[in-house]
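Note sheet for the following structure.
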Amino acid sequence: MKKLLCIQALRHLRQIAQETSGEVVYALGRQPAVLRTFSQRLSRGFNDAISGFNDDGWSVMGGDGIEDVVIACNSTKKIRNTSNAGITFGAPGGIICAKASMLLQSVPPAVLVRFLREHRSEWADYNIDAYLASSLKTSACSLPGLRPMRFSEGQMIMPLAHTVENEEILEVVRLEGQPLTHDEALLSRDIHLLQLCTGIDEKSVGSSFQLVFAPIDEHFPDDAPLISSGFRVIPLDVKTDGVSSGRTLDLASSLDVGSAAPQASGESPDDCSLRSVLTIAFQFPYEMHLQDSVAAMARQYVRSVISAVQRVSMAISPSQSGLNAGHRMLSGFPEAATLARWVCQSYHYHLGMELLNQSDGAGEALLKMLWHHPDAVLCCSFKEKPMFTFANKAGLDMLETSLVALQDLTLDKIFDESGRKALFSDISKLMEQGYAYLPSGVCMSGMGRHVSFDQAVAWKVLGEDSNIHCLAFCFVNWSFV
């Protein structure tokens, strides 16, 4: 522990030294000291919510008999603009905090936090985010549901700052809201969150991993008031050698192990016995006459978040990784090795050339070659709304996602309007001759970043019965813009 604290202190000093010397340049023209203050305020607000000390004004409210979620209120806590203490943001009643803890078994903390960061629509409710964002306005808050909105699943992350070794990242998240009525379409319904991520790198050796966020005004003033909510994972079994026992749930975890997979599963009890405690805390401003309603809403929301996290935890557990997990996630699809063979055979059948330099491989050897192919290879279902089902390592990097979350992305989501038009114009050619070339262009990653590519080719993947099993795409020489 002493060694870990010394390492963290040295990293912090190194960070300040590089900021002072001008080696680090941050986005939006923000001064490093200001951004560091934002990180500290987010952390302090989250720590205050989790601790809930009576001396700080917190008191526990009566529950509904099921003590899985603790509800505490703080009527003395106000959200103020630091430059003008006379202006109070949010509801005059105070703050309600709904929090819960759960034990995680065999779930790598870094992978879980990264998934929660990259796929907010899997667990968050846009209406709740809108309610929290309304606390920044001086007008009275109303309960969510009075002005329902759809969450478009559009999430764009804009980096602000990061530490030298990326163990801590500060960023702005923009959530796109879709209005339900024509009148609301005239108004911007996007929500902006200031977000702090700690320990999302799997090699992180910190004592905790967390994702903390707070709604902010789109103009993002330096003295923006913050109401912190989020997740914190604290490992209970910390390796003394400082090496993380977490693994990503993608094909790499099985490909890199290869034939030694059985040995790894039998001789690496640390992966299967990895234990950690996840703490969830959400803060909600309230008006005095709505205290009970907001408390009930907060309890129900945190329970829904817990259910979502439990589903995600089951999917990303190392015990579920490898090709068998890939087979389960590709519901109805063949094993990954068979799919790789079909992809390569169909490419040769339609285009008359080899996709891989060495196409004489078979089984897992062929899959390994496809996995490490430098161009992004993606497969999507052959349906009205094609959904991605497989990607090699380059494909996952291009989409900035993992094999777990790949099915969250659909083909139309990664293309802009011009890209979709180009794709749809070649659909008939693809169906007729079995393949089609797409000109150079730009697509979107799952994180909203623009990706350029020199060329793309699409082809039909045929199964053993010569029927279309899925569609495959290969993006050549791609790079982030």
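The values are calculated or read from the model by the stated rules, or taken from the named source; none is laboratory data. It should be emphasised that the depicted structure is a prediction, and the values quoted were computed from it without experimental measurement. For neighbour counting, all protein chains shown are included, and Cβ atoms are generated from backbone atoms with ideal geometry for every residue, glycine included.
Which residue out of 183, 217, 190 is at pLDDT 70 or above and over 18 Å from residue 38 (Cα atoms)?
Result of the check over 183, 217, 190: 190.
Does residue 436 qualify as being within 19 Å of residue 354 (Cβ to Cβ) and of a type outside the set (Phe, Trp, Tyr)?
Answer is yes for this residue.
Just to be sure I understand the filter: pairs with C-beta atoms under 7 Å, separated by 6 or more residues or on different chains, first member in segment 159-176 and more than 15 Å from residue 42 (Cβ to Cβ), second member at pLDDT below 70 and assigned to a loop (DSSP other than H, G, I, E, B). Which pairs pass?
Taking only residues 6 or more apart or on different chains, the pairs are 166/201; 167/201; 167/204; 167/206.
Kindly indicate whether any position in segment 452-473 is free of Cβ contacts under 8 Å to residues at least 60 places away in the same chain, outside the structural domain of residue 312 (by TED's automatic domain parsing), under 29 Å from residue 112 (Cβ atoms) and in contact with a Ser or Thr (Cβ under 7 Å, 6 or more places away or on another chain).
Among the residues of segment 452-473, not one is free of Cβ contacts under 8 Å to residues at least 60 places away in the same chain, outside the structural domain of residue 312 (by TED's automatic domain parsing), under 29 Å from residue 112 (Cβ atoms) and in contact with a Ser or Thr (Cβ under 7 Å, 6 or more places away or on another chain), which makes the answer no.
Taking only segment 430-444 into account, find how many residues are surrounded by fewer than 18 Cβ atoms within 10 Å (Cβ to Cβ) and under 24 Å from the mean Cα position of the chain (by Cα).
Number satisfying all stated conditions: 1.
Looking at this structure, is residue 64 modelled with pLDDT of 75 or more, under 28 Å from residue 300 (Cα atoms) and of a type in the set (Asp, Glu)?
no
Filter segment 402-426 for residues that are buried (at least 18 other Cβ atoms within 10 Å of the Cβ) and not in a helix (DSSP H, G or I) and give the result.
402, 403, 404, 405, 409, 415
Within segment 96-120, how many residues turn out to be closer than 24 Å to residue 227 by Cα, touching a Leu at 6+ places or on another chain (Cβ under 9 Å), in a strand (DSSP E or B) and not aliphatic (A, V, I, L, M)?
1
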